[in-house]
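Nothing in this text is a laboratory measurement; each read-out follows from the coordinates by a stated rule. All values reported here derive from a predicted model rather than from experimental measurement. Counting neighbours? That spans all protein chains shown, and the Cβs are built from the backbone with ideal geometry, glycine included.
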Amino acid sequence: MEAKPILQIVSGFKPDVDGMGDFARLLGNTLWQQSKLRSHFLIYRRPRTPFDANEILPNSLSYSAEVSPAACLKEVARLRSQSSFDCALLHYGPYAYSSTGETAAFVEAIEELAKDMRLLVFFHEIYASGMPWRRAFWTNRQQRKSVGNLLRLATAGFTSNAKYMQQLQELNTADRSVTKIPIFSNIGEPGGLRPLDQRSRQLVIFGQLVTRVRLYRDHRHDLETVCKKLGIETVVDVGSGQSPHIPNMLAGATVRSAGWMDERQLSDLMADSIAGIVGYWPDVWEKSGVIAAYQAHALVPILVESSPRSIPAPPYLPYVLAEDIAGLLDKDGTVSNASLQQIADASHRYYMRNQSVHHCAEVIAKSTIQID
């Protein structure tokens, strides 16, 4: 007998660029493939352009009539009058359902839902903080309280990294079960990947414009060192937006602006590249979909530290710090293909074992079954 479908509540969805929506969509597809557990996606913000729901069959979707907690709750009631839902998976972040980070009203709506429906929460973000002249300073208390309330309401919670686990435990007065599930690749997990020496000598720089510009502007020396030591011939800049900070050349390598690419195009590009670089925070690397995409495509993931590490490093990290590239050099002053392949293989194995969408779906499905 087919299990009852799960209601996944998410802030946005394809074709809008929405990492949380992509995560939910790919998770839903894998839940069906592995466990025959169908998902219905309730989308808080309707995409700007129409989406063909046939693309996600046998899963389904609907939209909140307007961007408000009341409308979201009304749509939940409509769905439950038509289908037998008794478990919801909320994909949560403090700015996902409020552009100002004022979370109380939405969480109050979820409290109504949880009165007669079991709730799982994936905390993609926890809370923001800032200086007194920033809004995040004034909303921090509300955001922390909202997280505590969601933990109280939930049967189980999930998040992506050790720092978030620590923050959740501090707010987990209800002593709910919280499981760490690192973020998986939103652009697929292809099989049959070629070894690095059969790929183009390409370096991928992928992400939001602000993070890419920060790399070019503030860490150009790191980029040039990577290009020289890895023998990079082409740097492919992937993502929307242009900036005068994006150069035409880096240490003899041509920089090609690819702009926005769909999932298939980007996956094909990564499968024909040898490394990917990103500016990020080392202690929360597990929440980076960019790093996950590099791992899933067996690239050498290279990280430029956005800030010093604030928690102890785990025994193994599936990326190379840009500053550590110099320690990998052979006598000729470059990093050998064998060394690069060893890093890429280890990173890919770690991903498939600990981060893949199949791993995530397995954990979510078990949690769903456990509470039935």
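So which trypsin sites (Lys or Arg not before Pro) in the stretch 55-121 pass both tests, a DSSP loop state and at most 14 other Cβ atoms within 10 Å of the Cβ? Please report the intermediate quantities before stating the final value.
Values: sites: Lys74, Arg78, Arg80, Lys115, Arg118; in loops: Lys115.
Sites meeting the loop and neighbour criteria: Lys115.
Each peptide in 30-38, 174-182, 289-297 gets a packing score, the mean of other Cβ atoms within 10 Å over its residues, and the list from highest to lowest is 289-297, 30-38, 174-182. Of the trypsin sites (Lys or Arg not before Pro) found in the stretch 130-159, those in coil by DSSP whose Cβ has at most 13 other Cβ atoms within 10 Å are Arg134.
Counting only DSSP beta bridges with both residues in the stretch 196-354, tell me the antiparallel percent, nearest 5. All intermediate terms of the calculation are to be shown ahead of the outcome.
Values: 2 of 23 bridges.
Of those bridges, close to 10 percent are antiparallel.
The loop-placed GluC sites (Glu not before Pro) in the stretch 12-110, going by DSSP, that have at most 13 neighbouring Cβ atoms within 10 Å of their Cβ come out as Glu66. Of Ala105, Ala298, Ala24, the residue with the greatest mean-square motion in the GNM of the chain, using alpha carbon springs below 10 Å, is Ala105. Each helix, a run of at least 4 DSSP H residues, gives -39500 (n - 2.57); summed and divided by the residues of the chain, these come to -12000 deg cm²/dmol at 222 nm. Distant-in-sequence amide contacts of Ser185, defined by a placed amide H-H separation under 5 Å and a gap of 5 or more residues or a different chain, comprise Val357. Projecting the Cα atoms of Gly279, Gly191, Met352 onto the dipole axis of the chain, where Lys and Arg carry +1 and Asp and Glu carry -1 at the beta carbon, places Gly279 farthest toward the positive end. Every pair of different Cα atoms in the stretch 196-354 enters the Kirkwood calculation, which places the hydrodynamic radius at 15.6 Å.
Applying the Karplus relation 6.51 cos²θ - 1.76 cosθ + 1.60 with θ = phi - 60° to the stretch 216-222 yields 3J(HN,Hα) values of 5, 7, 9, 10, 4, 4, 4 Hz, where x marks Gly and Pro. Proximity of backbone amide H atoms, modeled 1.01 Å from N, is registered between Val178 and Gly157 at under 5 Å, excluding neighbours fewer than 5 places apart on the same chain. Between Arg78 and Lys36, what's the calculated FRET efficiency when r is the beta-carbon distance and R0 is 25 Å? Round to 0.05. Step by step, r from the Cβ atoms, then E = 0.50.
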